[in-house]
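The values are calculated or read from the model by the stated rules, or taken from the named source; none is laboratory data. Because the structure is a prediction, the values reported are computed rather than measured. So basically every Cβ, Gly included, is an ideal-geometry build from the backbone, and we count neighbours across all protein chains shown.
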Ligand SMILES: Cc1ncc(C[n+]2csc(CCOP(=O)(O)OP(=O)(O)O)c2C)c(N)n1
Ligand SMILES: [Mg+2]
């Protein structure tokens with residue numbers, strides 16, 4: 001190792017020292033120095049077919065590992081193609097570091113190839129966005145941005161590097177500190193005492209946990225809190241699995257009753273956004289006292305641990321009522337999940353995948369109604385095993401998420417459940433997965449339509465425009481042509497054998513399942 005290097009090498013070294021093992025990228029001359037640096041420092045380079053997938057893969061890496069994922073994208077279009085993933089990561093609090101190339105400072109304003117000021121564009125999509133102005137700052141700025149991504153409210157950060165700065169040289173840092181994340185200041189005990197009192201006095205309490213609990217590494221504390229206080233738990237996003245579905249305090253299908261009838265609803269690490277009807281009636285009761293605790297109030301892990309130490313209660317009657325509603329709702333779902341129809345009901349398809357998947361399989365969702373069905377029906381025993389796009393809802397994030405999940409956890413099954421519409425956005429990433437030997441199994445719910453748009457448009461506007469896809473498109477053949485394994489499935493009983501063959505093939509695979517376009521997701525409101 002030399003004792004000085006160019007900015008690309010220094011950025012790569014800072015990444016390495018922050019624990020980065022994989023860099024997702026797509027080539028462009030503006031980022032050659034960082035690719036060279038990553039190569040030199042033993043960071044595995046995964047080159048994809050569209051920058052959107054590089055950035056989604058980096059976000060997927062973060063979701064699975066709770067480390068910051070890293071993507072390097074070239075100037076101009078490369079950075080712009082990563083914008084949706086930055087926005088999605090911001091919506092999900094996913095720690096993500098996107099490094100962009102940039103036209104040279106020396107000729108700024110003269111119209112270099114792909115010259116644009118990315119920082120202005122991505123500022124609102126990130127926690128922090130900067131341009132590196134000298135090689136001397138390369139190591140420290142990169143290390144600091146990694147820390148920013150992982151601290152307090154975690155989220156995406158961006159740095160672009162003008163090509164003339166990239167090639168500038170600087171000394172390697174003498175001492176290198178290990179990356180330490182800042183979880184936030186100690187929580188406010190006044191606020192916590194108030195919440196604890198509210199929970200103890202509640203007759204019908206409910207706890208709603210979201211991704212913030214995952215990012216705070218607070219799943220054990222959450223479990224102590226709900227068990228100690230006998231508090232029914234609802235989860236969303238990355239908090240799914242924080243209690244196993246068989247647990248007496250875990251509720252998924254009694255959600256509406258729980259929110260409507262609760263006297264106190266403690267919202268932990270979750271936003272009161274459209275998924276929770278903005279914290280308003282009729283989803284919440286008129287008299288429900290909603291108490292929100294998130295990382296803005298300080299270190300969430302410490303806060304939940306403190307609440308757990310103060311918790312106590314019984315609520316047996318309330319829990320029994322919720323259990324009854326839960327059981328009845330699950331019973332109602334059975335007609336869909338056991339349907340023998342061909343074309344296949346998407347709920348049956350998901351139930352078959354659920355029966356097939358290992359307990360620690362990572363399931364990724366990408367699509368419309370198909371993901372709504374999955375979100376309703378797939379249950380996980382542990383957190384970190386269900387990955388969806390979150391509130392930004394960008395179609396096409398699935399292949400990036402899934403490839404990163406498989407790279408992060410090579411010993412586990414990774415199953416991507418994709419709508420046929422969603423599949424089209426990043427289908428070429430099966431080429432990436434073939435080249436890099438990343439055997440993700442994708443199950444396409446092929447209903448030949450953009451169902452989540454077609455059905456509501458028809459019922460609200462009386463017309464469906466631009467809502468159809470090809471009727472029997474052979475997505476399995478697409479994956480086969482790219483060097484993967486493909487199968488067409490027409491009948492529900494053929495799903496599990498096809499899944500077994502796909503896993504056994506050891507290749508990236510696509511099981512293309514003909515699904516019933518008339519099977520509309522039973523939705524109570526339009527998603528807006
Ligand atoms: C990038 C992007 N474009 C458009 C949409 C709007 N949209 C949301 S769901 C959906 C339909 C998805 O269709 P498909 O993947 O086939 O799943 P299905 O609803 O048919 O199960 C569309 C077009 C979106 N969320 N993201
Ligand atoms: Mg579809």
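Computed quantities for the displayed model
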| item | result |
| --- | --- |
| Meets criteria (more than 25 Å from residue 423 (Cβ to Cβ) and assigned to a loop (DSSP other than H, G, I, E, B)) for residue 330 | no |
| Residue within the range 374-394 that is over 25 Å from residue 278 (Cβ atoms), more than 12 Å from the chain's Cα centre (by Cα), free of Cβ contacts under 8 Å to residues at least 24 places away in the same chain and more than 16 Å from ligand 2 (Cβ to nearest atom) present | no |
| Odd one out for residue 332, checked against (1) at negative phi; (2) over 28 Å from the mean Cα position of the chain (by Cα); (3) in the same structural domain as residue 259 (by TED's automatic domain parsing) | (3) |
| Checklist (1) closer than 30 Å to residue 216 by Cα; (2) part of a helix (DSSP H, G or I); (3) within 16 Å of ligand 1 (Cβ to nearest atom) applied to residue 458, failing item | (1) |
| Cβ pairs under 6 Å, 6+ apart, first in the range 360-373 and over 17 Å from residue 440 (Cβ atoms), second part of a strand (DSSP E or B) and within 11 Å of ligand 2 (Cβ to nearest atom) | 368/419 |
| Hey, residue 351 buried (at least 24 other Cβ atoms within 10 Å of the Cβ) and either in a helix (DSSP H, G or I) or in contact with a strand residue (DSSP E or B) (Cβ under 8 Å, 6 or more places away or on another chain) (or both) or not | no |
| Selection from the range 37-52 of residues that are within 20 Å of the chain's Cα centre (by Cα) and farther than 15 Å from residue 435 by Cα | 51, 52 |
| Spans of strands (runs of 3 or more DSSP E) in the range 139-214 with at least 2 residues in contact (Cβ under 8 Å) with a residue 24 or more places away in the chain, closer than 24 Å to residue 290 by Cβ and not assigned by TED's automatic domain parsing to the domain that holds residue 101 | 205-209 |
| Condition check for residue 507: buried (at least 20 other Cβ atoms within 10 Å of the Cβ) and part of a loop (DSSP other than H, G, I, E, B) | yes |
| Residues of the range 428-460 satisfying the condition of being out of contact with any helix residue (DSSP H, G or I) (no Cβ under 7 Å at 6 or more places or on another chain), within 17 Å of residue 395 (Cβ to Cβ) and more than 16 Å from ligand 2 (Cβ to nearest atom) | 428 |
| Qualifying residues in the range 93-127 (those that are free of Cβ contacts under 8 Å to residues at least 40 places away in the same chain and crowded, with 16+ Cβ neighbours inside 10 Å) - the one nearest to residue 61 (Cα to Cα) | 127 |
| Selected residue [within 16 Å of ligand 2 (Cβ to nearest atom), closer than 28 Å to residue 249 by Cα and surrounded by 19 or more Cβ atoms within 10 Å (Cβ to Cβ)] from 425, 370 | 370 |
| Residue ranges of helices (runs of 4 or more DSSP H) in the range 362-448 with at least 1 members within 13 Å of ligand 1 (Cβ to nearest atom) | 369-377, 398-408, 420-425 |
| Residues of the range 467-500 classified as surrounded by fewer than 18 Cβ atoms within 10 Å (Cβ to Cβ), touching a residue at least 60 places away in the same chain (Cβ under 8 Å) and outside any helix (DSSP H, G or I), total | 2 |
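Conditions tested, residue by residue: (1) without any contact (Cβ under 8 Å) to a residue 40 or more places away in the chain; (2) in a helix (DSSP H, G or I).
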| residue | (1), (2) |
| --- | --- |
| 281 | yes, no |
| 296 | no, yes |
| 305 | no, yes |
| 312 | no, no |
| 319 | no, yes |
